[in-house]
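Structure record follows, encoded as structure tokens.
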Amino acid sequence: MGSRYTVGRAGLRAVAAAFDGGTDTPLCDRFGERCGIDGRESLIQRAYREEFGLQDVAPLVIEAAADGGPVASDILTSQATALAQQVGWLRRGQHRALDRTAWRHAPQ
């Protein structure tokens with residue numbers, strides 16, 4: 001969650017959805033210019049038949065969000081929220097682990 005890979009994957013999904021008739025996004029233009037993905041066929045060719053680094057397209061999502069693209073902004077917001085939630089779980093888990101360790105080593 002929140003990694004370059006997941007941000008890139010979400011960006012590619014948004015582009016695929018737009019090509020299928022979903023919400024249009026400036027990500028389509030960015031993916032077309034930088035990755036040669038300008039329609040469904042080229043998306044399938046690049047993403048599924050060639051070596052395609054999803055993590056390498058994360059900057060396109062970040063740039064689109066910085067330019068005010070609502071789809072890209074939603075991607076970053078959802079990924080940041082998921083990452084913050086994961087950190088919260090880990091922090092609570094650490095406290096529980098410390099509590100258990102302290103209990104085991106308490107003087108008898």
**Request:** Any chance you could count how many residues in segment 38-48 are part of a helix (DSSP H, G or I) and loosely packed, with under 15 Cβ neighbours inside 10 Å?
**Result:** 5
**Message:** Going by what's in this entry, would Val7 be described as part of a helix (DSSP H, G or I), at pLDDT 95 or above and in contact with a Ser or Thr (Cβ under 9 Å, 6 or more places away or on another chain)?
**Reply:** no
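Residue-by-condition table, conditions (1) within 16 Å of the chain's Cα centre (by Cα); (2) open to solvent by 40 Å² or more (accessible area, probe 1.4 Å):
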| position | (1), (2) |
| --- | --- |
| Arg13 | yes, yes |
| Gly36 | no, yes |
| Glu50 | no, yes |
| Val61 | yes, no |
| Leu76 | yes, yes |
| Gln86 | yes, yes |
| Trp89 | no, yes |
| Arg92 | no, yes |
**Message:** Just the residues that are in a loop (DSSP other than H, G, I, E, B), open to solvent by 30 Å² or more (accessible area, probe 1.4 Å) and under 19 Å from Ser73 (Cα atoms), please, taken from segment 15-34.
**Reply:** Gly22, Thr23, Asp24, Pro26
**Request:** Kindly provide the set of residues from segment 1-34 that are closer than 13 Å to Ala65 by Cβ and touching a residue at least 60 places away in the same chain (Cβ under 8 Å), ordered by number.
**Result:** Val7, Ala10, Gly11, Ala14
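The values are calculated or read from the model by the stated rules, or taken from the named source; none is laboratory data. Remember, it's a predicted structure, so these values are computed and weren't measured experimentally. A quick note on method: Cβ atoms are made from the backbone with ideal geometry, for glycine too, and the neighbour counts reach across all protein chains shown. Heavy atoms of the whole protein, side chains included, go into the accessibility calculation; ligands, DNA and RNA do not. Shrake-Rupley method; radii C 1.70, N 1.55, O 1.52, S 1.80 Å.
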